[in-house]
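The values are calculated or read from the model by the stated rules, or taken from the named source; none is laboratory data. This is a predicted model, so every value here is computed, not measured. Glycine also receives a Cβ, built like all others from the backbone with ideal geometry; neighbour counts cover every protein chain displayed.
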Amino acid sequence: MKKKNFVTLLLAVVGGLLFALGMCMALIPEWDAMIPGIVAGAVGVLVLLATVLVRRKMDGKPAIKLSGKAVSAALLGLLGTVVFGAGMCMVLVWDMMVWGIVVGIVGIVLLLCLIPVVKGLE
């Protein structure tokens with residue numbers, strides 16, 4: 001395994017675990033750890049963002065350039081994720097099975113729209 005792959009693996013695992021644990025701490029009422037959960041989740045997100053920067057540096061690529069295409073893809077991904085999550089909440093928390101499934105499918109379609117936005121069509 002190359003050094004850059006190993007470093008990326010370690011940082012991604014640590015960031016993902018911190019984020020997941022933070023979300024559990026914040027969202028499971030029995031744990032009563034909302035503030036520490038938010039902090040742990042935020043640290044996880046920062047580690048994951050640092051992973052991207054470290055990987056690009058190890059690949060010899062420049063820092064991320066913000067273009068209109070990159071910003072629109074990020075916004076589309078964010079919108080699709082929020083809509084998909086709202087559909088999951090509708091099903092799992094609010095007992096709205098049919099509408100939750102419909103909203104979840106809309107979120108999946110929005111996330112699938114990322115493929116032609118990022119890769120393009122030939």
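When Leu53, Leu110, Leu46 are checked against the criterion of being aliphatic (A, V, I, L, M) and modelled with pLDDT under 95, Leu53 stands alone in meeting it.
Residues that are more than 17 Å from the chain's Cα centre (by Cα) and either surrounded by 12 or more Cβ atoms within 10 Å (Cβ to Cβ) or assigned by TED's automatic domain parsing to the domain that holds Gly85 (or both) were ranked within segment 25-48; the one that is nearest to Gly85 (Cα to Cα) is Ile28.
Matching residues to (1) over 17 Å from the mean Cα position of the chain (by Cα); (2) loosely packed, with under 15 Cβ neighbours inside 10 Å; (3) of a type in the set (Val, Ile, Thr):
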| position | (1), (2), (3) |
| --- | --- |
| Lys3 | yes, yes, no |
| Met23 | no, no, no |
| Ala50 | no, yes, no |
| Pro62 | yes, yes, no |
| Thr81 | no, yes, yes |
| Phe84 | no, no, no |
| Val91 | yes, no, yes |
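The numbered conditions (1) more than 26 Å from Ala12 (Cβ to Cβ); (2) modelled with pLDDT under 90 are all true for Ile64 except (1).
For segment 84-103, check the following and say yes or no: at least one residue is in contact (Cβ under 8 Å) with a residue 24 or more places away in the chain, small (Gly, Ala, Ser) and more than 20 Å from Ile28 (Cα to Cα). No: segment 84-103 contains no residue that is in contact (Cβ under 8 Å) with a residue 24 or more places away in the chain, small (Gly, Ala, Ser) and more than 20 Å from Ile28 (Cα to Cα).
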